[in-house]
Amino acid sequence: MEPDLLAEALFRYGMQGTKTNLIRHNENMTYCVDNRYLLRIHKHAEGFQTGAVYDGMNRGEIYREELRFLDFLSSRGMEVQKPCPDGEGKLVTTLSDGTFATMLTWLPGRNPEKDEVDYDLCFRIGEMVGKLHKHARMCQKIPVLCYDAALCRRLKQKLYDDLGSGAFDAKWVQCMADAFDFIAKQMDAFGQDVIITHADLSLSNILITENGLVPIDFSLFGYCHPMMDLAMLYCSINGLENRRAIAAGYKKAGGAVCLKMLDACFALNILLAILLHSACWPGQEWFAARFKRWCEEVFLPLTRGEALFSDDFYLIHAN
């Protein structure tokens, strides 16, 4: 019988019997606790695979560094959630089966709805990312995930492993492998610009609060080129004017856009999503057509040395 991780976690935080509500289950099981706290049980949903990303790193230490990074951002005046220690004063709790749990303060707010995404909201999102990056540049070096050339090599190997399991059509595997090689070279070429990035900044990880926009869920944060966060936003927010607004807000907050790395990080975000979900996406009805488009519109042009985004953020090869 599997342990009741939620009950155990609540007990460890001295909150047994408290009302909880499951918010979502992706890389973590995330609960609202008594409308005051956010409990994360770091157990992935079935089919969500992160082994190649972490590559044997101490996940508990990475979660601890995430909470310390949130404290750092808070100390610099940025609105973020605050870590809450367990009953023993630990920021990261290890449950009986080895699963880690962490708790943060609850921030009242809501995620933006897709139908309310417009130029103004996107401009403010860009500003928020620019401010985040400005603070991140001031943080001392910490041991966390690195979205770099070494990761590209690990993901490329996972791609070949998944080919053996029949997850992908063989004719497109080399296309993705070549894309990983191209991205790795770009990561090395622009390595001097690396900072701590959120690395998972979609609309679901942004809150609209009474104090403005707030980034949440830094559980996949790590070192990468700053364009990692803009590229992720461009993967999840459609529309030319919205992309232009994000870039304009980012520049207003002091950020600089590098189109070559925006292209590389845009492709990397898509490749990461495919491989993180390689145990479940390939079997879903929508995947084959979408996968073919990604290969034709993103991976192939990239490896041919063609730009993905124009100077005005038009997505060149999209149909």
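The values are calculated or read from the model by the stated rules, or taken from the named source; none is laboratory data. Treat the numbers as computed from the prediction; the structure is a model and nothing was measured. In this analysis, Cβ positions are derived from the backbone assuming ideal geometry, glycine residues included, and neighbour counts consider all displayed protein chains. Note: accessible area is taken over every heavy atom of the protein model, side chains too, but ligands, DNA and RNA are not part of it. Shrake-Rupley method; radii C 1.70, N 1.55, O 1.52, S 1.80 Å.
Tabulated values for the structure
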{"read-out": "For the stretch 63-154: relative contact order, % (alpha-carbon pairs under 8 angstrom, 6 or more apart)", "value": "25 percent"}
{"read-out": "With Cα atoms, 0 to 90° folded angle of helix 227-236 axis to the chain main axis", "value": "90 degrees"}
{"read-out": "Whether the stretch 158-204 is rounded, prolate or oblate, judged on the alpha carbon gyration tensor where a/c under 1.5 counts as rounded", "value": "oblate"}
{"read-out": "Ranked by how many other beta carbons lie within 10 Å on average, peptides 254-266, 222-234, 46-58 from highest", "value": "222-234, 254-266, 46-58"}
{"read-out": "Cα gyration tensor category, rounded, prolate or oblate, for the stretch 50-123 with a/c compared to 1.5", "value": "prolate"}
{"read-out": "Distant alpha-carbon pairs in the chain (separation over 28 angstrom), percent", "value": "41 percent"}
{"read-out": "Dipole magnitude (debye, nearest 20) for the stretch 62-189, charges at Cβ of Lys, Arg, Asp, Glu", "value": "520 debye"}
{"read-out": "Dipole of the chain, positive direction: furthest Cα of 202, 284, 174, with charges on the beta-carbon", "value": "202"}
{"read-out": "Percentage relative contact order, the chain, counting C-alpha pairs under 8 Å, at least six apart", "value": "19 percent"}
{"read-out": "Per residue accessible area of the stretch 162-319, 1.4 Å probe, in Å²", "value": "39 Å²"}
{"read-out": "Sequence-separation-based contact order of the stretch 54-107, relative, with Cα cut under 8 Å and 6+ spacing, percent", "value": "29 percent"}
{"read-out": "Lys, Arg +1 and Asp, Glu -1 on Cβ, resulting dipole of the chain about Cα centre, debye, nearest 20", "value": "560 debye"}
{"read-out": "Carbon + sulfur, % of accessible area of the stretch 168-299 - ligands and nucleic acids excluded, 1.4 Å", "value": "52 percent"}
{"read-out": "Cα centroid of the stretch 126-198 to Cα centroid of the stretch 14-86, whole Å", "value": "22 Å"}
{"read-out": "Rg/Rh ratio calculated on Cα atoms of the stretch 1-110 (Kirkwood radius)", "value": "0.95"}
{"read-out": "Helix-derived mean residue ellipticity, 222 nm - over the chain, DSSP H n ≥ 4, -39500 (n - 2.57), to 500", "value": "-13500 deg cm²/dmol"}
